[in-house]
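Down below is the structure, laid out as structure tokens.
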Amino acid sequence: METIRKAAVLGAGVMGSGIAAHLAGAGIPVHLFDIVPKEPTEAEKARGWDLSHPKVRNRFAIAGVETALAARPAAFYDKRDAARITCCNYEDDSALLADCDWIVEVVAESLPIKRKVFANVAKHRKPGSIVTSNTSGISVRDLVSDMPDEMRRRFFVTHFFNPVRYMKLLELVPAAETDRDAMLGFAEWSERALGKGIVYAKDTPNFCANRIGAYGLMATLRAMREMGLSVEAVDKILGPATGRPKSAVFRTLDMVGLDTFEHVAANVYDGCPGDEEREIFRFPEFMKRMIGKGLLGEKVKQGFYKVSRGAGGKEILVIDTETLEYRSQAKIRYPSLGMAKGIDDVSERLRAVVGADDDAGRFAWRVLADTLVYAADRIPEIADDVVNVDRAMRWGYAWDLGPFEAWDAVGVRAVVDRLEKEGRKAPALAAECLRKGEGRFYRSERGARSYFDIGGSHRPAPGSPRHIVIADVKARDRVIDRNDSATLVDIGDGVALLEFHTKMNAIDGDIVAMVNGALDRVEKGMAGLVIGNDAVQAFSAGANIFMIAMAISNKQWDVIGQMVEGFQNANMRMRYAAKPVVAAPFGLVLGGGAEVTMHAQAVQAHAELYMGLVEFGVGFIPAGGGSKEMLFRGLETAPAKGPFPPVQYAFEAIGFAKVSTSGAEAREIGFLRPTDGITINRDHLIHDAKDRVLAMARDFKPLQERTISLPGKGGRLALEYAADNFRRSGQITEYECLMARRFARVLTGGDTHPSEEVTERRILELEKECFLSLCGEPKTMERIQAMLTTGKPLRN
């Protein structure tokens with residue numbers, strides 16, 4: 001594996017600064033380069049700076065860091081990571097390249113400019129350093145033509161997708177002379193250190209993801225025009241209903257930028273004269289007109305969509321592709337899409353929609369069929385196998401299924417038969433799959449996945465040994481126990497894994513029961529327990545508030561009390577278990593999910609962690625021990641000593657429903673401890689959590705229950721006074737003030753005296769009392785109903 005200790009990013013535009021920010025967030029020191037300005041700005045002159053001033057000479061690199069710091073969504077995991085970036089320019093600082101293990105070029109898509117940059121790199125780099133280009137379409141063959149031989153061997157394309165922090169895909173494209181071992185070593189490092197998913201593409205226009213993605217978009221535009229569909233209708237059909245992201249087609253184009261996409265389409269048209277679908281890449285006339293009018297997308301705040309703010313509030317308008325005027329969106333309803341809402345499995349949902357006899361079904365089928373045929377005909381032109389193409393589209397375009405996974409979902413035989421019925425010839429690869437591959441591009445036998453290779457047989461699908469797939473573990477008969485909401489599996493080396501699988505992994509009674517059952521089994525003879533799952537969005541989005549709402553409606557206060565106590569006791573068992581318990585959270589970790597995480601003895605979190613105790617939004621307080629845990633976190637981290645600082649710390653984090661935007665921020669808020677780990681590659685998360693269990697098990701000592709000094713009545717009055725001030729200033733509502741006043745009693749220890757030590761169990765009792773009292777309030781029920789119906793908190 002290559003080891004990158006220091007890197008240089010050449011070009012401080014949006015993409016270059018994004019790469020620099022991601023490297024800095026991964027702990028890699030970065031030199032960020034750009035050109036020297038021709039002259040100072042008026043503002044610089046007013047400060048007395050001339051062209052010799054470092055801040056003038058490094059202006060473009062400094063601006064790149066500022067762009068990354070201001071980016072939304074955030075480019076940095078933690079803005080303090082920007083300190084790892086050194087702003088440079090080519091004229092003064094090129095000697096610094098000799099200290100870099102990796103130099104990545106991210107300048108304008110112009111071959112002469114890139115060659116000039118690489119000529120400078122060749123003068124200063126150290127032998128053995130990796131040199132790459134982030135080009136999205138210039139031929140690797142052309143890039144290396146003027147390079148010294150040793151530099152050619154250490155050169156390849158590293159094509160990141162934007163925004164760099166969030167897009168998993170990294171395409172690697174070698175030159176003919178590239179040292180294969182060097183590229184594979186870099187790939188392994190990028191996967192582990194940067195969290196990237198690697199796709200090996202060929203040196204063809206737009207490489208792999210953009211070749212298929214651009215075709216899919218152009219095929220969509222062709223079908224849209226011929227069927228007379230609107231922009232909003234297309235986005236409704238080709239969104240989650242058919243396994244595509246919420247941004248669908250035209251919101252995605254707005255994010256990419258129409259001018260950028262025109263360049264991508266032109267790359268194929270100009271560079272692929274032999275492509276049987278070449279003409280589809282001619283840019284549509286209406287989109288050329290949009291570019292001419294400056295309607296480029298989000299970067300100018302108007303493209304296919306535009307936000308209008310008026311007396312009636314905010315409205316998202318859509319463009320009429322004939323007149324290029326904006327209008328209100330029409331309500332889009334199709335029977336097939338209504339049916340699809342009730343289907344959770346993406347393969348089943350896709351089959352249902354493309355098989356439907358309405359305009360949505362016919363449109364979805366046409367676009368899908370065109371894309372499947374085109375993708376099959378691109379093997380091995382753009383990549384050696386179906387796996388690389390599927391990964392490119394899932395990781396680079398956020399498709400739920402890659403093209404060949406979609407072939408399998410609909411059925412290779414079913415697709416071929418329908419194509420032939422329509423008078424279209426099936427791709428040779430699909431016909432070969434029917435003859436020699438049992439009609440499936442992928443097979444899974446006891447958790448071992450294989451793919452159909454162009455050679456005519458199934459081969460093991462490549463994967464990282466650090467990627468533990470729970471479904472594969474289950475397929476190998478490693479299930480220990482299960483119920484409707486959770487499963488306990490053996491992931492090897494004596495470590496068990498507890499998986500939640502309710503909707504959004506919401507905590508319910510069956511999960512609580514399985515926590516206790518899991519601890520019973522682990523404590524009897526296993527090394528330890530990992531709590532994790534393979535969901536896409538949420539480790540756990542909180543407690544099952546529908547069940548709580550039903551109990552409130554029936555005035556089952558005893559039942560609610562038992563639910564709270566059961567959850568508290570399960571969390572306390574985890575914290576004080578006789579064997580190590582490690583949580584592996586990722587994505588949404590809210591409410592009860594955060595409480596589970598905070599009660600694990602250690603946490604190995606994903607870098608993308610949106611964690612918070614948000615119960616105030618539904619009229620509750622954290623009552624599964626979350627309030628208690630924040631008090632103890634405050635005791636450890638609050639700068640001032642005494643009984644009140646932990647209370648203030650917990651009150652602010654919970655009362656204002658703070659939610660982290662990364663694992664680093666979760667650590668800063670206190671949801672994670674300083675000793676908790678962060679994994680940047682989601683695929684490695686469970687493996688890393690398992691390693692942590694095994695490391696803890698070697699010398700494990702169970703934790704002891706704690707006590708804390710709390711301020712009692714005096715502290716409660718101070719918090720109540722603060723809440724009243726927030727209410728009077730309009731920052732919180734009357735009901736939020738009531739919740740805060742009741743919560744103040746929990747955090748300050750009830751009727752305790754500051755000289756007394758309060759036990760964890762006493763704080764749990766206070767949590768339960770407060771929770772039950774709020775369940776009896778009509779405004780809490782209003783908040784629950786709003787969350788269940790709209791998915792958004794109600795400020796009543």
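The values are calculated or read from the model by the stated rules, or taken from the named source; none is laboratory data. None of these values were measured; they are calculated from a predicted model. Glycine also receives a Cβ, built like all others from the backbone with ideal geometry; neighbour counts cover every protein chain displayed. Only protein heavy atoms, including side chains, enter the accessible area calculation; ligands, DNA and RNA are left aside. Shrake-Rupley method; radii C 1.70, N 1.55, O 1.52, S 1.80 Å.
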- Task: Take residue 185 and decide whether it is of a type outside the set (Phe, Trp, Tyr), closer than 18 Å to residue 382 by Cα and touching a residue at least 60 places away in the same chain (Cβ under 8 Å).
- Result: no
- Item | In region 485-510, residue most open to solvent (accessible area, probe 1.4 Å) [restricted to those that are modelled with pLDDT of 95 or more and among the charged types (D, E, K, R)] | 493
- The condition from (1) under 29 Å from residue 73 (Cβ atoms); (2) of a type in the set (Gly, Ala, Ser); (3) at pLDDT 95 or above; (4) buried (at least 22 other Cβ atoms within 10 Å of the Cβ) that residue 655 misses is numbered (3)
- Read through the list (1) free of Cβ contacts under 8 Å to residues at least 24 places away in the same chain; (2) within 31 Å of the chain's Cα centre (by Cα), then give the number of the only condition that residue 556 fails. (2)
- Note on the structure: Just one listed residue, out of 168, 202, is touching a residue at least 60 places away in the same chain (Cβ under 8 Å), closer than 17 Å to residue 378 by Cα, open to solvent by 20 Å² or more (accessible area, probe 1.4 Å) and out of contact with any Ser or Thr (no Cβ under 9 Å at 6 or more places or on another chain), and it is 202
- Query: How many residues, within region 716-770, are within 23 Å of residue 561 (Cβ to Cβ) and either among the polar types (S, T, N, Q) or not in a helix (DSSP H, G or I) (or both)?
  - Reply: 7
- Query: Residues that are in contact with a helix residue (DSSP H, G or I) (Cβ under 6 Å, 6 or more places away or on another chain): which strands (runs of 3 or more DSSP E) entirely in region 585-658 hold 2 or more of them?
  - Reply: 602-606, 609-612
- Task: Pairs only if they're at least six apart or on different chains, beta carbon under 6 angstrom, first in region 226-242 and free of Cβ contacts under 8 Å to residues at least 12 places away in the same chain, second outside any helix (DSSP H, G or I) and crowded, with 18+ Cβ neighbours inside 10 Å; list them, first residue then second.
- Result: 239/248
- Note on the structure: Flagged in region 459-484 as open to solvent by 20 Å² or more (accessible area, probe 1.4 Å), within 21 Å of residue 587 (Cα to Cα) and of a type outside the set (Lys, Arg), in numbering order, are 467, 468, 469, 471
- Residue tally, condition open to solvent by 10 Å² or more (accessible area, probe 1.4 Å) and over 17 Å from residue 570 (Cβ atoms), over region 600-627: 9
- Out of (1) on the phi > 0 side of the Ramachandran plot; (2) without any contact (Cβ under 8 Å) to a residue 12 or more places away in the chain, what's the single condition that is false for residue 750? (2)
- Task: Look through region 705-747, keep the residues that are polar (S, T, N, Q) and in contact (Cβ under 8 Å) with a residue 24 or more places away in the chain, and return whichever of them is nearest to residue 490 (Cα to Cα).
- Result: 707
- Enumeration of residues in region 83-141 that are in contact with a Ser or Thr (Cβ under 7 Å, 6 or more places away or on another chain) and within 11 Å of residue 31 (Cα to Cα): 100, 102, 103, 104
- Message: When you check residue 489 against the structure, is it in a strand (DSSP E or B) and over 28 Å from residue 361 (Cβ atoms), yes or no?
- Response: yes
- Item | Residues located in region 741-796, provided they are small (Gly, Ala, Ser), within 17 Å of residue 657 (Cβ to Cβ) and modelled with pLDDT of 95 or more | 744
- Across (1) under 20 Å from residue 163 (Cα atoms); (2) touching a residue at least 24 places away in the same chain (Cβ under 8 Å); (3) small (Gly, Ala, Ser); (4) touching a Pro at 6+ places or on another chain (Cβ under 9 Å), residue 248 clears everything bar (2)
- Restricting the search to region 553-584, which residues are of a type in the set (A, V, I, L, M, F, W, C), crowded, with 16+ Cβ neighbours inside 10 Å and part of a loop (DSSP other than H, G, I, E, B)? 577, 584
- Could you tell me whether residue 778 is open to solvent by 30 Å² or more (accessible area, probe 1.4 Å), in contact with a Lys or Arg (Cβ under 9 Å, 6 or more places away or on another chain) and farther than 25 Å from residue 569 by Cα? no
- Message: Here is a check on your reading of the model: is residue 783 under 25 Å from residue 647 (Cβ atoms) and open to solvent by 20 Å² or more (accessible area, probe 1.4 Å)?
- Response: no
- Message: Any residue in region 297-317 that is closer than 11 Å to residue 327 by Cα sitting within a Cβ distance under 7 Å of a residue that is open to solvent by less than 100 Å² (accessible area, probe 1.4 Å) and among the polar types (S, T, N, Q)? List the pairs, counting only those 6 or more apart or interchain.
- Response: 315/308; 315/328; 316/329; 317/308; 317/328
- Task: Give the residue that is nearest to residue 220 (Cα to Cα), with candidates limited to residues of region 253-264 that are buried (at least 20 other Cβ atoms within 10 Å of the Cβ) and in contact with a Leu (Cβ under 8 Å, 6 or more places away or on another chain).
- Result: 253
- From 360, 376, residue being part of a helix (DSSP H, G or I), over 26 Å from the mean Cα position of the chain (by Cα) and within 24 Å of residue 427 (Cα to Cα): 376
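For (1) modelled with pLDDT of 95 or more; (2) crowded, with 20+ Cβ neighbours inside 10 Å, each residue gets a yes or a no:
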| residue | (1), (2) |
| --- | --- |
| 672 | yes, yes |
| 675 | yes, no |
| 684 | yes, yes |
| 693 | yes, yes |
| 696 | yes, no |
| 700 | yes, no |
| 711 | yes, yes |
| 726 | no, no |
| 739 | yes, yes |
